[in-house]
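Trainee: Here you go, one structure.
The values are calculated or read from the model by the stated rules, or taken from the named source; none is laboratory data. All of these numbers come straight from a predicted model, not from anything done at the bench. Glycine also receives a Cβ, built like all others from the backbone with ideal geometry; neighbour counts cover every protein chain displayed.
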Amino acid sequence: MRRPFRFGPVSLSRPSISAADLVVVAGLGAVLALAIRLAWRAPAVVAGPRISLAVSALPWYALLSTSRMAAAYVLSLGFSLAYGYFAARSQAARKVLMPLLDILQSVPILSFLPVVLLGLSALLPQGIATELAAIVLIFTSQAWNMTYSFYQSVTTVPQEMREAAAIFRLSPWLRFRVLDLPFAALGLIWNSMMSWAGGWFFLMAAEIFRVGSRDFRLAGLGAYLQTAADANDLKAVAAGVITLILTIVLLDQILWRPVLAWADKFKVEMVSSDAPPPRSWFYDVVHHSHLIGWLRRRCWLPVTERLDLRANLPAESEGTKGRGLWRRLSLAVLALLGFAAAAALLFGFYRAVVTLAGLPAAGWAALGTGVLATFGRVVASLVLALLWTVPVGVAIGTNRRLAGVLQPVVQVVASIPATALFPVLVLALLRVPGGLNLAAVILMLAGTQWYLLFNVIAGTAAIPQDLRDSADLLRLSRWQRWKTLTLPALFPFLVTGAITAGGGAWNASIVAEYVTFGGETHSTVGIGSLIAQATAASDYRLLLASTLTMVLAVVGINRTWWRWLYLQAEVRFKLE
Amino acid sequence: MMTTTTTAPASTDLLTVHAVTKSYGTADKVFTAVKDIDLRIAEGEFVCLLGPSGCGKSTLLRIIAGLMPATSGEVLYCGRHIKGVNPYATIVFQTFALFPWLTVEQNVTVALKARSVDPPTRHATALRLIDTVGLDGFEKAYPRELSGGMRQKVGFARAMAVEPELLCLDEPFSALDVLSAEALRGELMELWLGKKLPTRAILMVTHNIEEAVLMADRIVVMGKNPGHVVTEIAVELHHPRVRKDTAFQALVDRVYAAVAGHTPSEAESLGTAPGQPGHTRRLPPARINALSGLMERLNEEGGRSDLYRLGADLQLELDDLLPVLESAQILGFAQVTEGDAVLTPLGKAFAEATILTRKQLVAGRILRQPTILWIFETLRQDDNQRVARSFFLDKLRADFGDEASNQLDLAIKWGRYAELFDYDDDRDELYPEPAQE
């Protein structure tokens, strides 16, 4: 049976908090302190872009947003391949790179947005700084799971395939091209799709980020929607939402579906499965196009042929002297770079300690209540999400007709980044008492419930038919059936879904707890709100302290509570 | 400079393996896969490495091909040391190891591409070889569209593409169905005997005794713990060999006897308790149901049966039969002599007993096995009568290394069957069965 795809991080089976984790967190603190040191010089007033609400401007905004996504994705892909390959090939590198990756993927990315924005603004012209910050932010949201997937694939290439590559003496390049990359392709593509979808959430957050007199917004679909909501222009809001959905659907049709259809040949299973292969009309068009065929024959094949042959191992007699020198030289450069980086980190760490030491006691108290308040919202959103996704997901997962009708709808709705709709939500809720609190929870819910829903559907579909039949034969009552079959079978899927969802909820707090709307600033108690306030007030002590607090809170919860549940799921509730 | 023909005088061996040992792990925990192996392969010879699973035959094959280095000892090819992968050797793998995303033709040509052969020659060579193995028309097919036998043909075509002087076969037929395997064996022998291959020698790893006798000129029988050469048996039957020939059957019997060995004396066979000096005997990975089946079968056969026939009748491969036989020997239910399994009086009693009596019989005998006795005694002497799994695991690691967890699981299975002790999976603790208190 093919293992159903689980959406979520997969690296929790590692040891709980270790010395390496502390080093990594300290390193993060050092990097943050260095960036904040730069931020001191950031301009106090930042003028945002002018956003036109004309419908004719929408294609241009859509193109801008998509380009940022594409730039970040290309960066992520390159990073994943290099990092994953290096970690898989070198034992020494793995010891450093894997714990680092493990923490990086559980860090709440959005909490870095202010620091990155301020730091880059101090260095670069405003327009470039905000563009770059958005791309860096999306990159950090996309790269880790792709890297992890690629690393895992490369390390799990079947031994005999690796041996075949060795015995036929494939060069490292040729082995990468015909073995490692194809073997990793499917996982990499699935993770790319997830990363891409997640990227929209962060892009929209980056495009609408505005605190106090600093307007870091970027011309794009997110800013358009926000401006429209700000102006109470419901027609423009509708046009913006439709454009966003169209963009996402179009990308799905002419990018991801064709890629999936093409990648079907990278399936490793040797048996043809019952499930029909993924199809794509666009892929069929491209595949049968003469132009593409001609390009393939004339450009692609000759180029790869030359690369393949050039990369072949040189004849055995060729001297190793030059290579030895080259090796020593590159080692020296590496050592120098490493030394410089270590020195910078130490300095950063020192700065971090000094900065934090200056924070008054009241500041720490505010951090404590902030974390607790945000934690409460995260829990509330998770509980709400579980309450509706479990019954609905199980219904969709067990009922094929329902699944056929609902799945496409769910997919489209889920693909709308919650942050894009947040301004609209605020518009609707701001007049209600406690409205921002409610809006914050709803944003967290909207951003995270889909992970849970998809996991519940996948988990339900994975319950073996014979177990369902036995439950029928035993005439289990509805409740007994839930208790003895459905819930235990769903447990691992719920845990993985909830881990990702929880991480997303923390992220959402940055944009959800502090809002500038219609020229007024509204905020509520929370750690995300503190980060935003610190950014607005140029309170760099508080900015560093609150960002670090959020990182520690999320990593801590991941490493204790979620890890414990995850182990339970792996050991006790796994259906083999 | 290395060329393929000039440096090897005709009379010397193509390959010489001298005192090769391969061990894993560090100082305190060493696992030795093969020890002090000596082997020679002459020009024109077809040699089989035969033995039960875990005897290190595949490891030896990989050392010979240069895929892994030996810990000590030396491998000489045409009298020379070769560093890294032997460029004159190639392997046909048990699971084919084809790249699923490449077509049949691409799977063959990629081996040539790595040797910088130009595209037209690659194409021509691939087509010729695909034709040779009888797959023409399937050049553009993907491996998943082919049957197991056809996939292995691609494996052979790919291996032949690099014109190996030494062709290494790693159980190439064991993942195939019986008919495909038989057909493919015949085709390989036809090519080999008809000198249609550029190959100078073939080395095949197998655990199938008939297959070895059918194909090889010489069979090197290996044993385990650690892997070593037990004996070498020359096969001087004429080709084509026929399974029903008495000479063939007699040889199969002889090889069976060599592989299965004979039941050693009790002290030697049981070994010492974990943690004590001396060799601690592993529990064989046998299922208890299979043991019952074997005992009943032997009893029906009148208490003595030819191992070769027994394996065939029960449709058990050597790898499945030997562990069951070993557990029967540990319990004192059966003995192995001269390639025959012989039921002891105790074994006969077991075969004829009811389920409950069987459990009692096993309970009485299995306590002689030092690991099980040690667990049993530890549990009874414990104040709470409950001991954590990790306690046993730590101690067993000293003797069994990475195998410790498997050994403990096996011990628990026997303990549960014999109702000596049980295991609480939720709390990860072992405890004695109440009946024994």
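Trainee: Taking the stated definitions as given, is B:ALA97 small (Gly, Ala, Ser), under 19 Å from the mean Cα position of the chain (by Cα) and closer than 30 Å to B:LYS140 by Cβ?
Mentor: Criteria met by B:ALA97.
Trainee: If you scan region B:104-140, which residues turn out to be of a type in the set (Gly, Ala, Ser) and either buried (at least 16 other Cβ atoms within 10 Å of the Cβ) or away from every other protein chain (no Cβ under 12 Å) (or both)?
Mentor: Within region B:104-140, the first condition is being of a type in the set (Gly, Ala, Ser), and the residues that meet it are B:111, B:114, B:116, B:124, B:126, B:134, B:137.
Residues satisfying the conditions are B:ALA111, B:ALA114, B:ALA124, B:ALA126, B:GLY134, B:GLY137.
Trainee: Just to be sure I understand, how many residues within region B:117-130 are touching a helix residue (DSSP H, G or I) at 6+ places or on another chain (Cβ under 9 Å) and either in a helix (DSSP H, G or I) or of a type in the set (Gly, Ala, Ser) (or both)?
Mentor: Here the count works out to 9.
Trainee: Let me ask something else. Answer yes or no: is there a residue in region B:167-175 that is under 25 Å from A:ASP308 (Cβ atoms) and within 12 Å of chain A (Cβ to nearest Cβ). Even if it seems obvious, please write down each step before you answer.
Mentor: Keep residues of region B:167-175 that are under 25 Å from A:ASP308 (Cβ atoms), which gives none.
Among the residues of region B:167-175, not one is under 25 Å from A:ASP308 (Cβ atoms) and within 12 Å of chain A (Cβ to nearest Cβ), which makes the answer no.
Trainee: Pick out the one residue from A:PRO314, A:PRO276, A:PRO302, A:PRO258 that is exposed (fewer than 13 other Cβ atoms within 10 Å of the Cβ) and either in a helix (DSSP H, G or I) or modelled with pLDDT of 80 or more (or both). Can you show your working first?
Mentor: On the way: A:PRO314 fails: either in a helix (DSSP H, G or I) or modelled with pLDDT of 80 or more (or both); A:PRO276 fails: either in a helix (DSSP H, G or I) or modelled with pLDDT of 80 or more (or both); A:PRO258 fails: exposed (fewer than 13 other Cβ atoms within 10 Å of the Cβ).
Selected residue: A:PRO302, the only one of A:PRO314, A:PRO276, A:PRO302, A:PRO258 that is exposed (fewer than 13 other Cβ atoms within 10 Å of the Cβ) and either in a helix (DSSP H, G or I) or modelled with pLDDT of 80 or more (or both).
Trainee: How many residues are touching a residue at least 12 places away in the same chain (Cβ under 8 Å), closer than 20 Å to A:ASN312 by Cα and not hydroxyl-bearing (Ser, Thr, Tyr) if we restrict to region B:111-134? Give the derivation first.
Mentor: Of all residues in region B:111-134, those touching a residue at least 12 places away in the same chain (Cβ under 8 Å) come to B:111-112, B:115, B:122-123, B:125-127, B:129-130, B:132-134.
When the remaining residues are screened for being closer than 20 Å to A:ASN312 by Cα, the result is B:111-112, B:115, B:122-123, B:125-126.
Then drop every residue that is not not hydroxyl-bearing (Ser, Thr, Tyr), which leaves B:111-112, B:115, B:122-123, B:126.
Adding up the residues that qualify gives 6.
Trainee: Would you be able to say whether some residue in region B:332-350 is out of contact with any helix residue (DSSP H, G or I) (no Cβ under 8 Å at 6 or more places or on another chain), in a loop (DSSP other than H, G, I, E, B) and at pLDDT 90 or above?
Mentor: Yes, there is a match, as at least one residue in region B:332-350 is out of contact with any helix residue (DSSP H, G or I) (no Cβ under 8 Å at 6 or more places or on another chain), in a loop (DSSP other than H, G, I, E, B) and at pLDDT 90 or above.
Trainee: With (1) buried (at least 20 other Cβ atoms within 10 Å of the Cβ); (2) modelled with pLDDT under 85; (3) closer than 22 Å to A:LEU104 by Cβ; (4) not basic (Lys, Arg) as the list, and A:TYR151 as the residue in question, which single condition is left unmet?
Mentor: (2)
Trainee: Shifting gears a bit: Could you list all residues from region A:36-55 that are surrounded by 13 or more Cβ atoms within 10 Å (Cβ to Cβ), over 15 Å from A:THR130 (Cα atoms) and among the small types (Gly, Ala, Ser)?
Mentor: Of everything in region A:36-55, just one residue is surrounded by 13 or more Cβ atoms within 10 Å (Cβ to Cβ), over 15 Å from A:THR130 (Cα atoms) and among the small types (Gly, Ala, Ser), namely A:SER52.
Trainee: Next question. Filter region B:75-103 for residues that are outside any loop (DSSP other than H, G, I, E, B), facing chain A (nearest Cβ under 9 Å) and touching a strand residue (DSSP E or B) at 6+ places or on another chain (Cβ under 6 Å) and give the result. Give the derivation first.
Mentor: We begin by selecting, within region B:75-103, every residue outside any loop (DSSP other than H, G, I, E, B); these are B:75-77, B:80-81, B:89-92.
In the following step, the residues that additionally are facing chain A (nearest Cβ under 9 Å) were identified as B:89-91.
The answer is B:ALA89, B:ILE91.
Trainee: Still on this model: Can you find a residue that is in a helix (DSSP H, G or I), touching a residue at least 12 places away in the same chain (Cβ under 8 Å) and out of contact with any helix residue (DSSP H, G or I) (no Cβ under 7 Å at 6 or more places or on another chain) anywhere in region A:503-511? Working first, answer last.
Mentor: Going residue by residue through region A:503-511, those that are in a helix (DSSP H, G or I) are A:503-511.
Restricting the remaining residues to those that are touching a residue at least 12 places away in the same chain (Cβ under 8 Å) gives A:503-511.
Remaining after also requiring out of contact with any helix residue (DSSP H, G or I) (no Cβ under 7 Å at 6 or more places or on another chain): none.
Checked against the condition, which is being in a helix (DSSP H, G or I), touching a residue at least 12 places away in the same chain (Cβ under 8 Å) and out of contact with any helix residue (DSSP H, G or I) (no Cβ under 7 Å at 6 or more places or on another chain), region A:503-511 yields no hits at all.
Trainee: Kindly list the number of the only condition in (1) surrounded by 22 or more Cβ atoms within 10 Å (Cβ to Cβ); (2) hydrophobic (A, V, I, L, M, F, W, C); (3) within 14 Å of another protein chain (Cβ to nearest Cβ); (4) within 19 Å of the chain's Cα centre (by Cα) that fails for A:PHE168.
Mentor: (4)
Trainee: Return yes or no: is B:PHE400 aromatic (Phe, Trp, Tyr), at negative phi, at pLDDT below 85 and within 32 Å of the chain's Cα centre (by Cα)?
Mentor: On the way: aromatic (Phe, Trp, Tyr): yes; at negative phi: yes; at pLDDT below 85: yes; within 32 Å of the chain's Cα centre (by Cα): yes.
Taking the combined requirement at face value, the residue satisfies it.
Trainee: Out of all the residues in region A:126-138, is one or more within 14 Å of chain B (Cβ to nearest Cβ), part of a helix (DSSP H, G or I) and without any contact (Cβ under 8 Å) to a residue 24 or more places away in the chain?
Mentor: At the first step, the residues of region A:126-138 found to be within 14 Å of chain B (Cβ to nearest Cβ) are none.
Checking region A:126-138: not a single residue is within 14 Å of chain B (Cβ to nearest Cβ), part of a helix (DSSP H, G or I) and without any contact (Cβ under 8 Å) to a residue 24 or more places away in the chain.
Trainee: Is it the case that region B:241-251 has a residue that's closer than 24 Å to B:LEU60 by Cα, out of contact with any Gly (no Cβ under 6 Å at 6 or more places or on another chain) and of a type in the set (A, V, I, L, M)?
Mentor: Restricting attention to region B:241-251, the residues satisfying the condition of being closer than 24 Å to B:LEU60 by Cα are none.
Looking through region B:241-251, none of the residues is closer than 24 Å to B:LEU60 by Cα, out of contact with any Gly (no Cβ under 6 Å at 6 or more places or on another chain) and of a type in the set (A, V, I, L, M).
Trainee: Quick check: anything in region A:181-196 more than 14 Å from every other protein chain (Cβ to nearest Cβ), surrounded by 23 or more Cβ atoms within 10 Å (Cβ to Cβ), in contact with a Phe, Trp or Tyr (Cβ under 6 Å, 6 or more places away or on another chain) and not hydroxyl-bearing (Ser, Thr, Tyr)?
Mentor: The answer is no; no qualifying residue exists.
Trainee: Do we have any residue at all in region A:137-152 that's of a type in the set (A, V, I, L, M) and more than 11 Å from the chain's Cα centre (by Cα)? Show your work before the answer.
Mentor: As a first pass, look at region A:137-152 and keep what is of a type in the set (A, V, I, L, M): A:137-138, A:143, A:146.
Going one step further and asking which of them are more than 11 Å from the chain's Cα centre (by Cα), we end up with none.
So far as region A:137-152 goes, no, none of its residues is of a type in the set (A, V, I, L, M) and more than 11 Å from the chain's Cα centre (by Cα).
Trainee: With respect to A:VAL178, is the statement that it is within 14 Å of chain B (Cβ to nearest Cβ) and in a loop (DSSP other than H, G, I, E, B) true? Quick ask: steps written out before the conclusion?
Mentor: Numbers: within 14 Å of chain B (Cβ to nearest Cβ): yes; in a loop (DSSP other than H, G, I, E, B): no.
Taking the combined requirement at face value, the residue does not satisfy it.
Trainee: Still on this structure: Just the residues that are buried (at least 20 other Cβ atoms within 10 Å of the Cβ) and outside any helix (DSSP H, G or I), please, taken from region A:415-443.
Mentor: A:PRO417
Trainee: Here's something else I'd like to know. Can you name the number of the only condition in (1) polar (S, T, N, Q); (2) within 30 Å of B:ALA260 (Cβ to Cβ); (3) out of contact with any His (no Cβ under 9 Å at 6 or more places or on another chain); (4) surrounded by fewer than 17 Cβ atoms within 10 Å (Cβ to Cβ) that B:SER53 fails?
Mentor: (3)
Trainee: While we're on this one: For region B:296-353, enumerate the residues that are aromatic (Phe, Trp, Tyr) and more than 21 Å from B:ALA212 (Cβ to Cβ). If you could, list the steps in order and put the result at the bottom.
Mentor: Going residue by residue through region B:296-353, those that are aromatic (Phe, Trp, Tyr) are B:308, B:333, B:350.
Those that are aromatic (Phe, Trp, Tyr) and more than 21 Å from B:ALA212 (Cβ to Cβ): B:PHE333, B:PHE350.
Trainee: Go through region A:515-533 and count every residue that is in contact (Cβ under 8 Å) with a residue 12 or more places away in the chain and farther than 17 Å from A:ILE109 by Cα. Write out each step before concluding.
Mentor: Initial filter on region A:515-533 (in contact (Cβ under 8 Å) with a residue 12 or more places away in the chain): A:515-518, A:521-533.
So of that shortlist, the ones also farther than 17 Å from A:ILE109 by Cα come out as A:515-518, A:521-525, A:533.
Total satisfying the criteria: 10.
Trainee: Report yes if A:ALA569 is of a type in the set (Gly, Ala, Ser) and over 30 Å from A:GLY358 (Cβ atoms), otherwise no.
Mentor: yes
Trainee: Of the residues A:ALA446, A:ALA439, which is within 20 Å of the chain's Cα centre (by Cα) and closer than 20 Å to A:ILE510 by Cβ?
Mentor: A:ALA446
Trainee: Out of all the residues in region B:145-161, is one or more touching a strand residue (DSSP E or B) at 6+ places or on another chain (Cβ under 9 Å), free of Cβ contacts under 8 Å to residues at least 40 places away in the same chain and within 13 Å of chain A (Cβ to nearest Cβ)?
Mentor: Looking through region B:145-161, at least one residue is touching a strand residue (DSSP E or B) at 6+ places or on another chain (Cβ under 9 Å), free of Cβ contacts under 8 Å to residues at least 40 places away in the same chain and within 13 Å of chain A (Cβ to nearest Cβ).
Trainee: Something else about it: For region A:99-123, name all the residues that are modelled with pLDDT of 85 or more and in a loop (DSSP other than H, G, I, E, B).
Mentor: None - no residue of region A:99-123 is modelled with pLDDT of 85 or more and in a loop (DSSP other than H, G, I, E, B), so the list stays empty.
Trainee: Say whether the condition of being farther than 30 Å from A:THR521 by Cα and in a helix (DSSP H, G or I) is met by at least one residue in region A:232-246.
Mentor: Our first condition is that a residue be farther than 30 Å from A:THR521 by Cα; within region A:232-246, this holds for A:246.
From the residues that got through so far, the ones that are in a helix (DSSP H, G or I) too are A:246.
Within region A:232-246, one or more residues are farther than 30 Å from A:THR521 by Cα and in a helix (DSSP H, G or I).
Trainee: Can you tell me how many residues in region A:356-406 are more than 26 Å from A:ILE527 (Cβ to Cβ) and assigned to a helix (DSSP H, G or I)? Quick ask: steps written out before the conclusion?
Mentor: We begin by selecting, within region A:356-406, every residue more than 26 Å from A:ILE527 (Cβ to Cβ); these are A:388, A:390-406.
The next check asks that each one be assigned to a helix (DSSP H, G or I); those that pass are A:388, A:390-398, A:400-406.
Of the residues in that region, 17 qualify.
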